[in-house]
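Each remark here refers to the structure printed beneath this line.
The values are calculated or read from the model by the stated rules, or taken from the named source; none is laboratory data. Bear in mind the structure is a predicted one, so any value in this text is a computation, not a measurement. Note that each Cβ is placed from the backbone with ideal geometry, even for glycine, and that neighbours are counted across all protein chains shown. Each accessible area value is taken on the protein alone, full model and side chains, heavy atoms only, with ligands, DNA and RNA left out. Shrake-Rupley method; radii C 1.70, N 1.55, O 1.52, S 1.80 Å.
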Amino acid sequence: MAGLITGLEPGTVRAATARVREEIADAARRAGRDPAEVELLAAVKYIALEEIGVLAEAGLTLLGENRAQDLEAKAGAHPGFRWHFIGQLQSRKVRQILPYAELVHSVASDSALRQLERHGTPDTEILVEVNVAGEEGKAGIAPAELAAFLERAPVRVGGLMTMPPFSEDAEDSRRHFAALRELAEAHGLARLSMGTSQDFAVAVEEGATIVRVGSRLYGA
């Protein structure tokens, strides 16, 4: 598959991971939070299957995959990691994902809820994706529709996820992260998946409990 990252060095990834964890800790302290409240998820969409073992050597334990077939292949070959599904969720892929993902970050359709009702278990946990910026054509539940969507969820909803509009300036994401935190608080939800390589520190300052970091860990 074109675009995959190969040739990862454990020492390089370990050093990059340490820098990211330090930035997470600094951001948490600025916000008066315990850094232990924030999980670092390594996004592995562009990491080749044969490179996944390097991430364990580098001290990473929680991985997130965007594609159902790649989650099945990578998690099947490397069950020692904790795995989350972080890509756009197609309802027809729910059954394929659930045996491998301890958390699904991107539930945003009634068709996905129907499949979760069919294939979910008492252990199934999801995050609802919210389109807090109201972007046209972007996945996610509108904030005004969140309460009703949560009522329809047939499995445990642990929290919310969002992807703000891309910007080179991390500060542009702050208001969207704050809006997601306020929605989570209003609905009594504890987990917030928000923030990626370019804006995870701002996300932590605004309450993220999971940050999804890829390129910063791999030097890509």
### Cross-chain or 6+ apart pairs with Cβ under 9 Å, the stretch 87-99 first and hydroxyl-bearing (Ser, Thr, Tyr), then not in a loop (DSSP other than H, G, I, E, B)
91/110; 91/111; 91/112; 91/113; 91/114; 91/115; 91/116
## Note on the structure
In the set 80, 87, the lone residue that is of a type outside the set (Phe, Trp, Tyr), open to solvent by less than 10 Å² (accessible area, probe 1.4 Å) and either out of contact with any His (no Cβ under 8 Å at 6 or more places or on another chain) or at pLDDT below 95 (or both) is 87
### Query
Can you spot a residue in the stretch 190-201 that is open to solvent by less than 20 Å² (accessible area, probe 1.4 Å) and more than 24 Å from residue 16 (Cβ to Cβ)?
no
### Subset of the stretch 139-152 that is among the aliphatic types (A, V, I, L, M) and open to solvent by 20 Å² or more (accessible area, probe 1.4 Å) - its residue that is farthest from residue 118 (Cα to Cα)
144
### Message
Restricting to the stretch 1-26, name every residue that is among the polar types (S, T, N, Q) and open to solvent by 40 Å² or more (accessible area, probe 1.4 Å).
### Response
6, 12
### Task
Output the number of the condition that residue 46 fails; it satisfies all remaining conditions of (1) among the hydroxyl-bearing types (Ser, Thr, Tyr); (2) open to solvent by less than 60 Å² (accessible area, probe 1.4 Å); (3) in contact with a strand residue (DSSP E or B) (Cβ under 8 Å, 6 or more places away or on another chain).
(2)
### Task
Select from the stretch 38-52 the residues that are touching an Asp or Glu at 6+ places or on another chain (Cβ under 9 Å) and in a loop (DSSP other than H, G, I, E, B) and list them in ascending order.
44, 45
### Query
When residue 95 is evaluated against the numbered criteria (1) part of a helix (DSSP H, G or I); (2) open to solvent by 60 Å² or more (accessible area, probe 1.4 Å); (3) closer than 22 Å to residue 218 by Cα, which criterion, by number, is the only one it fails?
(3)
### Query
Got a sec? Which helices (runs of 4 or more DSSP H) wholly within the stretch 130-220 have at least 1 residues that are under 14 Å from the mean Cα position of the chain (by Cα)?
174-186, 200-205
